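As structure tokens, the structure follows; a few thoughts come after it.
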């Protein structure tokens with residue numbers, strides 16, 4: 001049974017309650033899948049990406065076709081399960097609890113050490129992928145994403161590294177992507193680059209709970225890391 005079969009059954013069961021909000025869906029992930037930690041992470045990630053994408057779309061007041069296409073690039077949903085995804089998307093848009101309470105519950109799924117939970121960075125990367133689909137990250141989308149990072153306990157320096165993978169920050173951009181200072185010797189830059197490639201290999205992301213269907217996020221992240229390193233290397237050769 002695929003992640004979508006399990007997720008579709010779960011969404012149908014939980015959202016059928018007239019009183020359910022998306023925060024209740026998150027709590028249900030914790031209880032329904034309590035016996036399978038790997039499946040719980042995979043379902044939680046899927047729910048987070050669907051629901052927070054809906055809330056972010058609401059942040060700037062309009063869902064563009066570019067954002068819908070970007071959403072579909074991440075979510076290769078089987079045709080028979082698309083109605084369940086749409087149901088959760090609509091539920092998220094109507095949830096009076098608001099995105100902050102929802103994001104806090106997502107962070108809690110990582111446990112007491114959620115500031116080290118890499119799945120939360122994966123979620124933020126996916127949201128950036130959707131936000132920038134129409135060519136730029138709008139101010140209200142940026143505020144939304146920054147607040148999500150705060151709730152996820154992603155510190156400002158780390159947030160800037162994530163941001164730089166999606167938004168051009170100027171001359172320091174490639175160094176920001178690698179999360180290393182411009183004053184560091186090239187050997188340290190190369191060491192940092194190799195660690196990032198290893199940490200962000202798609203196999204690593206699958207192992208920590210990122211569903212196979214969302215490897216688009218991993219490949220996009222690796223492309224940004226590779227491009228940044230190549231830019232730094234070219235710059236030093238021509239210096």
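For the peptides 219-227, 100-108, the ranking by mean Cβ contacts within 10 Å, running from highest to lowest, is 100-108, 219-227.
When peptides 182-191, 77-86 are sorted by average Cβ neighbour count within 10 Å, with the highest value leading, the order is 77-86, 182-191.
For region 126-174, what does the alpha-carbon gyration tensor say about shape, rounded, prolate or oblate, given a ≥ b ≥ c as the root eigenvalues, a/c under 1.5 as rounded, and a/b over b/c as prolate?
On the way: a/c = 1.95, a/b = 1.07, b/c = 1.82.
Oblate, because a/c is 1.5 or more while a/b does not exceed b/c.
No value in this document is a laboratory result; all are computed from the given coordinates. Everything numeric in this text was worked out from a predicted model, so none of it was measured. Please note: Cβ atoms are built from the backbone with ideal geometry, for glycine as well, and neighbour counts cover all protein chains shown.
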